[in-house]
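Every number here is computed from the coordinates shown, using simple stated rules; none is lab data. Predicted, not measured: the structure shown is a model, and the values here were computed from it. All Cβ positions, glycine included, derive from the backbone under ideal geometry; neighbour counts span all protein chains shown.
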Amino acid sequence: MRTPRLYADTISHASGEVVLSERNHHYLARVLRAKVGQRVSLFNGQGCSTDAVITEINKRQTVVNLRDRTEHADQRLPVTLGMALIKSDRFDWTLQKATELGVTAILPLITQFTDSPPKADRLQKKWGHWQEILVNACEQSENHWLPQLLEPARLTDLRVTSQTVVAHPATTSVTVDPLESTLLLIGPEGGFSDEEVETLLKKQVKPMSLGPRILRAETAAIVGLTLLGQQYGQY
Ligand code: SAM
């Protein structure tokens, strides 16, 4: 059986026996029906992972004994994905794939053509749901670094970084400086408005083509990250 890999942000300074979180206890006890002696791998989402062995597992809690700790090299893709809020299932898919591709941070964007941006009271719920997607994707893809989920921002309020790239059809390919990180902007299904594009270009944002066809926003995000990944020498 494959060793279960679980996110545990508290392992950084822990040693010896630790009680796992309710989420991890539920997964091991109820989903996997794990037993004492089972090995697990825990990671903190900040590049540290620890082998552990279950020493107690019952209805209430799972206790593990922490063993070897490993500090992993930082292999994050130095890109923040500024992703327009699109339909929930497609946005969720994008979060999962961007995590598999090792993105450093994700910035949900509200643009002129964003359909019904989430209201403040729903945002808290969404936040937890998005965070869980990132954690699951890290667990599955053996990514040791949990992407930072930034507060949703309006494109109009966005402070562009020294290297910001906007994916926009019918433009040109772009070369980035691999020594600097990139903020990659992907528009919603209706695209960025002409006014938004004009404002971004005035701020020295570089336009980027993703090929001769019009891609769905979520496909565009993955293609954009992959092309940048190549420039950062990740593939
Ligand atoms: N009709 C819209 C337009 O022309 O912008 C199409 C929007 S597309 C479905 C959603 C987003 O994906 C775009 O705003 C852009 O960021 C990105 N995109 C899709 N295809 C692209 C391409 N070929 N080159 C660059 N960006 C692309």
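Contact order normalised by length for segment 77-231, with contacts defined as Cα pairs under 8 Å and 6 or more residues apart; what percent is it?
32
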GNM on the chain, Cα springs under 10 Å; top mean-square fluctuation among 216, 76, 30 goes to 30
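Can you give the Rg to Rh ratio of segment 5-71, both from alpha-carbon atoms, with Rh computed by the Kirkwood formula?
Values: Rg = 10.8 Å, Rh = 11.6 Å.
Here the Rg-to-Rh quotient is 0.93.
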Taking the reciprocal of mean 1/r across every pair of different Cα atoms in segment 152-235, the Kirkwood radius in Å is 13.2
For segment 151-205 the trypsin sites (Lys or Arg not before Pro) that pass both the DSSP coil test and the at-most-15 other-Cβ-within-10 Å test are 159, 203
Using the Cα gyration tensor of the chain, the equivalent ellipsoid's semi-axes, largest first and to the nearest Å, work out to 38, 19, 14
With +1 at each Lys and Arg Cβ and -1 at each Asp and Glu Cβ, the charge dipole magnitude of the chain around its Cα centre, to the nearest 20 debye, comes out at 700
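Please work out how much length the chain gains when fully extended from residue 46 to residue 195, using 0.36 nm per residue of separation minus the C-alpha to C-alpha distance, in nm with one decimal.
The residue 46-residue 195 span can extend by a further 49.8 nm.
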P(r) of segment 1-123 over all Cα-Cα pairs, 5 Å bins starting at 0, rounded to whole percent, reads 2, 10, 17, 15, 13, 13, 13, 10, 5, 2, 0
